[in-house]
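Just so you know, all these numbers are worked out from the coordinates, no wet-lab data involved. Computed from a predicted structure; not experimentally measured. Heads up, the Cβs are rebuilt from the backbone with ideal geometry, glycines too, and the neighbour counts pull from every protein chain shown.
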Amino acid sequence: MVTIQRNDLQTLFDALERRGYRIISPTVRDEAIILDTVHSADDLPKGRGEEQSAARYRLNRREDDALFGYAVGPHAWKQFLYPPVQTLLQARREGTSRSSGEPGFALLNPEGADEEPAMAFVGVRPCDLAAIRRLDAVFLQGPFQEPGYARRRSRALVVVAQCTAPSGTCFCASMNTGPSAPDGFDIALTEVLSTGPTVYLAESGSERGAEILRDVTCRPSTSEEISAAARAIESAAGRMGRHVDLDGLSETLRRSIEHVRWQQTAQRCLSCANCTMVCPTCFCSTVEDTTDLTATIAERRRRWDSCFTLDYSYIHGGSVRPSGMSRYRQWIMHKMSTWVDQYGTYGCTGCGRCITWCPVGIDITQEVAAVQHPSIESVTPPRENVHG
Ligand code: SF4
Ligand code: SF4
């Protein structure tokens with residue numbers, strides 16, 4: 001374990017840029033903490049925290065200079081590994097087919113041919129690292145690999161920021177995906193604010209990470225710093241605004257297909273798909289073909305879709321999930337039950353985004369609790385407005 005002084009954190013960014021990485025990290029835009037390309041430690045959300053609760057997100061100012069003093073914003077890392085819109089192939093009308101005499105075409109820019117720099121994800125929360133690993137199982141570990149995801153993921157470097165600032169909608173501790181990540185990263189940082197000037201405890205989790213850390217200005221961590229980091233993470237685990245009881249959850253949901261709660265929730269749900277767009281593990285997509293106005297260029301594009309749209313489950317003549325109830329139930333059942341059958345883990349990592357960004361404040365933790373404990377009329381209101 002080594003310690004990087006706040007003023008030396010830039011040497012980590014410099015080391016990454018020297019190696020050609022496109023650095024992506026949390027940064028402030030439009031009064032939210034989003035993920036974007038940065039060049040400097042000063043681009044991080046210095047001294048910013050947040051308030052999150054059901055259907056509510058507000059940035060605020062902290063009383064310190066923390067760079068990782070918030071949980072997660074509306075963006076998830078999946079957008080960089082699995083872009084929202086991706087051209088799979090492009091064809092241009094060109095010449096004449098020798099066999100048929102019809103207009104011919106040339107294939108351009110098939111997916112996979114694009115040159116893109118390797119990405120370094122800096123400030124990945126443990127719940128979000130767990131989400132990336134969920135996507136790895138989907139895109140890399142089945143009988144077929146998603147080639148674009150595989151290419152980007154194999155080159156991506158992950159710098160975790162262990163979580164010391166959970167929000168009111170977080171529940172990763174109960175999903176066993178945080179607030180600290182034991183492995184799966186290249187470098188892990190823990191921000192320590194309590195031992196004097198802000199420092200970052202750093203450890204490597206891969207050869208790549210170790211090689212980069214050798215290039216960063218740092219010193220061995222003191223035992224006081226290591227204890228303070230452990231205390232900060234332990235405190236975070238106890239300050240999460242929400243909780244899910246995993247005991248028998250997958251089986252309980254499977255037995256509750258006809259539960260009255262689905263219908264009740266569907267009366268509030270707008271089928272807007274926000275929850276699936278912000279969710280770091282949702283990966284549904286559709287494919288569409290387009291042509292330009294002159295009918296010269298045709299494209300096949302893949303774009304994110306959602307189990308909340310009617311078209312997504314349209315099969316020869318109609319949708320197999322025509323009601324809002326069936327679509328909402330499908331979403332939760334996949335996250336909390338059938339994902340376990342498919343991949344051996346839950347599809348939810350407890351990041352809380354779907355609760356914060358649902359416009360009507362539907363809360364996945366309350367929904368599963370209502371199904372698990374039908375005798376409870378109204379589920380205990382969660383703690384709100386936990387500050388980062
Ligand atoms: S279901 Fe909600 S809490 Fe769970 S990972 Fe997705 S967005 Fe986060
Ligand atoms: S649960 Fe909320 S965010 Fe999701 S589709 Fe329904 S209204 Fe939209």
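Points to keep in mind about this one:
- From helices alone, the chain scores -7500 deg cm²/dmol at 222 nm; the rule is -39500 (n - 2.57) for each run of n ≥ 4 DSSP H residues, then divide by the residue total.
- Under Karplus coefficients 6.51, -1.76 and 1.60, residue-wise ³J(HN,Hα) of the stretch 6-18 in Hz, glycine/proline x: 3, 6, 9, 4, 4, 5, 5, 5, 4, 4, 5, 5, 4
- Descending semi-axes in Å of the chain, equivalent ellipsoid built from Cα gyration tensor: 36, 31, 17
- Selection of chymotrypsin sites (Phe, Trp or Tyr not before Pro), the stretch 122-213, meeting DSSP coil and at most 13 other Cβ within 10 Å: F144
- Amide H to amide H, with H built 1.01 Å from N, L89 comes under 5 Å of E111, R300, counting only residues 5 or more places away or on other chains.
- Pairwise centroid distance, computed over Cα atoms, of the stretch 298-374 with the stretch 2-68, Å: 30
- Radius 12 Å from Cβ of D42, net charge of other residues (Lys, Arg +1; Asp, Glu -1): 0
- Neighbour-limited loop hits for GluC sites (Glu not before Pro), the stretch 1-61 (at most 15 other Cβ within 10 Å; DSSP other than H, G, I, E, B): E31
- Looking at the stretch 272-357, the pairs of alpha carbons with a distance over 19 Å make up 50% of the total.
- Per-residue Cβ neighbour rank within 10 angstrom, fewest leading, H75, H316: H316, H75
- Put simply, the stretch 295-343 fits an ellipsoid with semi-axes of 27, 16, 9 Å; these come from the alpha carbon gyration tensor as the roots of five times its eigenvalues, largest first.
- Two-decimal log10 I(q)/I(0) for the stretch 120-259, as the Debye equation yields it once each C-alpha is a single scatterer, q = 0.17 Å⁻¹: -1.02
- Trypsin sites (Lys or Arg not before Pro) within the stretch 235-288: DSSP coil, no more than 16 neighbouring Cβ in 10 Å: R255, R268
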